[in-house]
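K.L.:
Once you've had a glance at the structure underneath, I'll fire off some questions.
The values are calculated or read from the model by the stated rules, or taken from the named source; none is laboratory data. Predicted model only: the values in this text are computed from it and were never measured. Cβ placement follows ideal geometry from the backbone for every residue including glycine, while neighbour counts extend to all protein chains displayed. For the accessible areas, the whole protein counts, side chains as well, though only heavy atoms, and no ligand, DNA or RNA atoms are used. Shrake-Rupley method; radii C 1.70, N 1.55, O 1.52, S 1.80 Å.
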Amino acid sequence: MKHQFVIIGGGVHGCAAAWLLADAGEDVLLLEADEIASGASGGFGRRGVRANRRDLRELPLMRAAYRIWPMLAERLGADTGYERTGGLSLIEQETTGTRGGLVAARVHADVQRRLGVPTEVLDRDRLLELEPDVGPAVRAALYCPLDGAADHTATTRAFAAAARERGAAIEEHSPVTAVERSGDRVTAVRTARGERHEVGEALLLLNNTGAIDLLRDQFDLEPPVWRILPQALRVVPKAAPPMSHLIGHDHRSLSLKALPDGRVMVSGGWRGRWNTGLGRGETVEANVLGNLQTAAEVYAGLADAELDLADAARPESCSADEIPIVDIVPGTANALVGTGWTGHGFAIAPAVAEALAFWARTGARPDSLAPFSFARF
Ligand SMILES: Cc1cc2nc3c(=O)[nH]c(=O)nc-3n(C[C@H](O)[C@H](O)[C@H](O)COP(=O)(O)OP(=O)(O)OC[C@H]3O[C@@H](n4cnc5c(N)ncnc54)[C@H](O)[C@@H]3O)c2cc1C
């Protein structure tokens, strides 16, 4: 069977691209190894939709994403759980390394503002008006009123459902194991189920950590990308959630999101480990305790919160310079890849998908994707 566009990966990136291509009238097949939203785009809680302290090269995409997110549920005809809560990066230290602390706050705010991201420096008094329960060590914050959070699983499934409605074929439990080529063109893919799907126009590798293996085995490329296992915790506070904004931290590994049911998602850079026997990621007790302890040090109201769920089974790809690779696969004319999201690929996904769908259909790379080339390595 031949399809003009074949997409590998049913996470937020693959499903969003499938939706936009199908919406433009294109013939699309999406192949997912497991189930829709079974990778980094799935699981409990919410993901931050944040520009605050994001790598500056990603801000054009994030500005576009800021415009898309508030209208997305209506366009998809399904709830995304998106909420513009405003986001705060809390500051405790005078100086943190070379990039943080009070000394850098004004410059970060100025630069972000100039790049189209409304940002203010709040002193402690103004911060307390927004977050009255924040701990005494917090001296200031960088505030982005347009930041927020969304339900990643619901959003990914909504993209997939909308793609199907517009005629895209989606096959789950269909891992792609081989890519056929003729010269510089990808002509077909094969799945572990023994199926062969011909590629008319383009192949999109949007399979996150799975792209590492396919690039290595099928394209003879060694991408500067590796796999991590981000840790996410869900806790039940004794009282109402002590925070109402998307919370990040200038020097601590901490991210906090109040969930709609009163529970709180705690994450922010702690990792799990790979269990070879189980063939999946698992949590590390010291990291769970460390993450909880850090949360309680910043919000005392979380000190006696009960741990409800801990997960580190959703692999994410990281790149050598902490921004993604979104590019034509070197040596090919019609294979595009998006990987190396480095823990912050969800928020920009609707904007990346627009840019990628445009690139796949026209052959012209949008300027917003220029920083994410293979050539930079
Ligand atoms: C705990 C955690 C917290 C995070 N927090 C944030 C946040 O607050 N804000 C933010 O912006 N981002 C965040 N991220 C990152 C974000 O979730 C990811 O960058 C994003 O979801 C990646 O989407 P994706 O579609 O590329 O990958 P995935 O969702 O991983 O989807 C890839 C899919 O490809 C499939 N696949 C793999 N190989 C093959 C193959 N050979 N054939 C067919 N299918 C294949 C997999 O089964 C998988 O379903 C977080 C990630 C985690 C894990």
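K.L.:
Are any residues in the range 103-131 hydrophobic (A, V, I, L, M, F, W, C) and touching a Cys at 6+ places or on another chain (Cβ under 8 Å), and if so, which ones? Even if it seems obvious, please write down each step before you answer.
P.N.:
Residues of the range 103-131 hydrophobic (A, V, I, L, M, F, W, C): 103-105, 107, 109, 111, 115, 117, 121-122, 127-128, 130.
Answer for the range 103-131, where residues must be hydrophobic (A, V, I, L, M, F, W, C) and touching a Cys at 6+ places or on another chain (Cβ under 8 Å): just V117.
K.L.:
Of a type in the set (D, E), within 30 Å of Q218 (Cβ to Cβ) and at pLDDT 95 or above: which single residue out of D304, D327, D311, D250 fits that description?
P.N.:
D327
K.L.:
Now for a separate question. Starting from the range 171-182, take each residue that is open to solvent by 50 Å² or more (accessible area, probe 1.4 Å) and list its partners that are of a type in the set (G, A, S), counting only C-beta distances under 6 angstrom and pairs at least six apart or across chains.
P.N.:
If the second residue must be of a type in the set (G, A, S), the pairs left are T177/A192.
K.L.:
Right, another one. For the range 98-123, name all the residues that are closer than 26 Å to L302 by Cβ and either of a type in the set (D, E) or exposed (fewer than 15 other Cβ atoms within 10 Å of the Cβ) (or both).
P.N.:
Matches in the range 98-123: E120, D123.
K.L.:
Out of curiosity, is V235 in a helix (DSSP H, G or I) and within 29 Å of L142 (Cβ to Cβ)?
P.N.:
So V235 does not fit the description; no.
K.L.:
Do we find a residue being more than 11 Å from the ligand (Cβ to nearest atom), touching a strand residue (DSSP E or B) at 6+ places or on another chain (Cβ under 7 Å) and farther than 30 Å from V199 by Cβ anywhere in the range 319-338?
P.N.:
no
K.L.:
Evaluate the following for A109: is it away from the ligand (no atom under 14 Å from the Cβ), farther than 21 Å from P260 by Cβ and either assigned by TED's automatic domain parsing to the domain that holds D367 or assigned to a helix (DSSP H, G or I) (or both)?
P.N.:
yes
K.L.:
Show the residue pairs meeting these rules: Cβ distance below 6 Å; 6+ apart or different chains; first residue within the range 24-46 and farther than 17 Å from D151 by Cα; second residue of a type in the set (S, T, Y).
P.N.:
Final answer for the pair search is L31/S174.
K.L.:
Of the residues that make up the range 337-353, is at least one more than 30 Å from S244 (Cβ to Cβ) and open to solvent by 40 Å² or more (accessible area, probe 1.4 Å)?
P.N.:
Scanning the range 337-353 turns up no residue that is more than 30 Å from S244 (Cβ to Cβ) and open to solvent by 40 Å² or more (accessible area, probe 1.4 Å).
K.L.:
Here is a follow-up. Could you say whether any residue in the range 250-270 is of a type in the set (V, I, T) and outside any strand (DSSP E or B)?
P.N.:
Looking through the range 250-270, none of the residues is of a type in the set (V, I, T) and outside any strand (DSSP E or B).
K.L.:
When the range 205-233 is examined, which residues are found to be open to solvent by 20 Å² or more (accessible area, probe 1.4 Å) and within 11 Å of the ligand (Cβ to nearest atom)? Walk me through it before giving the result.
P.N.:
Here is the first cut: in the range 205-233, the ones open to solvent by 20 Å² or more (accessible area, probe 1.4 Å) are 207-210, 213, 216-218, 220-222, 224, 226-228, 230.
If the condition is that a residue be open to solvent by 20 Å² or more (accessible area, probe 1.4 Å) and within 11 Å of the ligand (Cβ to nearest atom), then N207, N208, T209, G210, D213, D217, Q218, R227, I228, P230 are the ones that fit.
K.L.:
Hey, another quick one. Could we say that A320 is touching a Pro at 6+ places or on another chain (Cβ under 6 Å) and either farther than 28 Å from Y66 by Cα or open to solvent by 60 Å² or more (accessible area, probe 1.4 Å) (or both) here? Can you show your working first?
P.N.:
Numbers: touching a Pro at 6+ places or on another chain (Cβ under 6 Å): yes; either farther than 28 Å from Y66 by Cα or open to solvent by 60 Å² or more (accessible area, probe 1.4 Å) (or both): yes.
Here the answer is yes, as A320 does meet what is asked.
K.L.:
Now, a different point. So, in the range 9-45, exactly how many residues are out of contact with any helix residue (DSSP H, G or I) (no Cβ under 7 Å at 6 or more places or on another chain), more than 12 Å from A160 (Cα to Cα) and near the ligand (Cβ under 9 Å from one of its atoms)?
P.N.:
5
K.L.:
Could you tell me how many of the residues in the range 185-195 are open to solvent by 80 Å² or more (accessible area, probe 1.4 Å) and in contact (Cβ under 8 Å) with a residue 24 or more places away in the chain?
P.N.:
Of the residues in the range 185-195, 1 are open to solvent by 80 Å² or more (accessible area, probe 1.4 Å) and in contact (Cβ under 8 Å) with a residue 24 or more places away in the chain.
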